[in-house]
Amino acid sequence: IHIQERNPEYVATVQGASKRKFPSRTEFSWQPVNDGLYGKYNDLWREATGTDEDIMPLLAVGNADGTVEIFSARFLLLGRFHDHRKLIHRLRWNVSSDASSCLLLASGSEDTTARVYDMSILLDKVMRQAPGQNNTNNDAGKEKAESTGTETGGQSALGSLSGSTECVQVLRGHSKPVSSLAWSPHVPHLLLTGSFDETALVFDVRTGQPLHTILGHDGRIFTVMWSPIHPDSVFTAGEDQAVRMWDLKKAPYRETKPQKTGKERPKKEDDKGKGKGKDTEQTHGTPTKEAPKDETLAE
C-alpha cells in the first residue's frame, strides 16, 4: 500500500499548490503488541467507520523537517505533529502494558529535546471525527477540528500541529541532538535519553524532570537500552567504541556543561589571508590532524 495513494488529502496538505517535495523519512516505529488494547480500539474503529478495517497497531514516522506522523495499521494518516523544529532521530513507544502508559510515544530530535505524545488524545479525536459518525452539529465539529489542527474528509484526521495537544511533555537537559531513547520496562514513567553531548539522562515523564545523569563516554552516544532484568541498570554505546553498563543508584542528576564532542572541527580558512605566513600549529613537531565530522546520527 502506498501512503500517498491511501491518503489523497495528505498529498494536498503536505505538498500544497507549490508541489514541494515530501520530507525525508528519518525514523519509524510500530506500536508494540498489546492484544487487549488492539481489540478495544479496533472494535471502536469498526463501529465508528462501518468497516471491518483495523486501526491498530499504530505506526509512527519521523521526518527530517521535525514532523511526527501517526498512521493506522492500514496506513491511513491519523495525525501529523510539528512540535520539533529539526530532524527526528528516534521514536519509541512505551513498552508498558499499563493502560495509562502504553499509548505514550517518545521522540528525540536534532533540536536537543525529547517529547512525549499521548496517543489516547489523538485516538479520541479520530473516533469522534470518523466518517461513519453521526455528528449532530457538523459546523461545531468543523470549528473544533480547525481549532485543534485536525481535519476530516472521509479519509483521515490531518493537521500539521504546532503546540499540539497530544504533546504532553517536553524533556530538556541535553545541549546537543537527542540520538536515542529507551523506556523502562520496569517503571512506565521513566525514559532514558542518549545524546551527542556525550551524556545520557533519565527523565520522569510525569514531571519532565531529569532524575539521573550518566557521564563517562568520550564521544557521541548513539544508542541506549534499559536492562530487561535489573530496574536500576542501563546500557549505553557510542563513538568511543565502548558499551557501558551503569548503576543508576550511583548516578544522581547533576547539570553538565556543554561538551566538545570528539576532535575539534577545523577552522575555516580566511579568504582575505588573515594570518597568512604563519605556520600550522604543531604538536611535538607533527602538524595537527584535522578530523571534521558530521553531527548527523550514524546508523
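Strands (runs of 3 or more DSSP E) fully within segment 30-114 that include at least 1 residues being of a type in the set (Lys, Arg): 77-81, 88-93.
Out of segment 83-92, which residues are in contact with a Leu (Cβ under 6 Å, 6 or more places away or on another chain) and either open to solvent by 10 Å² or more (accessible area, probe 1.4 Å) or of a type in the set (Val, Ile, Thr) (or both)?
Here is the first cut: in segment 83-92, the ones in contact with a Leu (Cβ under 6 Å, 6 or more places away or on another chain) are 89-90, 92.
Selection gives Arg90, Arg92.
Listed by first and then second residue, the pairs with beta-carbon distance under 7 Å, at least 6 apart or on different chains, first residue in segment 114-131 and in contact (Cβ under 8 Å) with a residue 12 or more places away in the chain and within 18 Å of Val68 (Cα to Cα), second surrounded by 21 or more Cβ atoms within 10 Å (Cβ to Cβ) and among the basic types (Lys, Arg), form an empty list. Would you confirm whether any residue within segment 134-151 is open to solvent by 50 Å² or more (accessible area, probe 1.4 Å), modelled with pLDDT under 90 and in a strand (DSSP E or B)? Within segment 134-151 (the criterion being open to solvent by 50 Å² or more (accessible area, probe 1.4 Å), modelled with pLDDT under 90 and in a strand (DSSP E or B)), the answer is yes, since at least one residue qualifies. Among the residues making up segment 171-211, those that are farther than 16 Å from Asp232 by Cβ, touching a Phe, Trp or Tyr at 6+ places or on another chain (Cβ under 9 Å), hydrophobic (A, V, I, L, M, F, W, C) and not in a loop (DSSP other than H, G, I, E, B) are Leu171, Val178.
The single condition among (1) outside any loop (DSSP other than H, G, I, E, B); (2) closer than 30 Å to Ala64 by Cβ that Gly219 does not meet is (1).
The values are calculated or read from the model by the stated rules, or taken from the named source; none is laboratory data. Fair warning: this is a prediction, and the values are worked out from it, not measured in the lab. Don't worry about glycine lacking a Cβ; one is built from the backbone with ideal geometry, like all the others, and counts go over all protein chains shown. Just the protein is used for accessible areas: all its heavy atoms, side chains included, with ligands, DNA and RNA removed. Shrake-Rupley method; radii C 1.70, N 1.55, O 1.52, S 1.80 Å.
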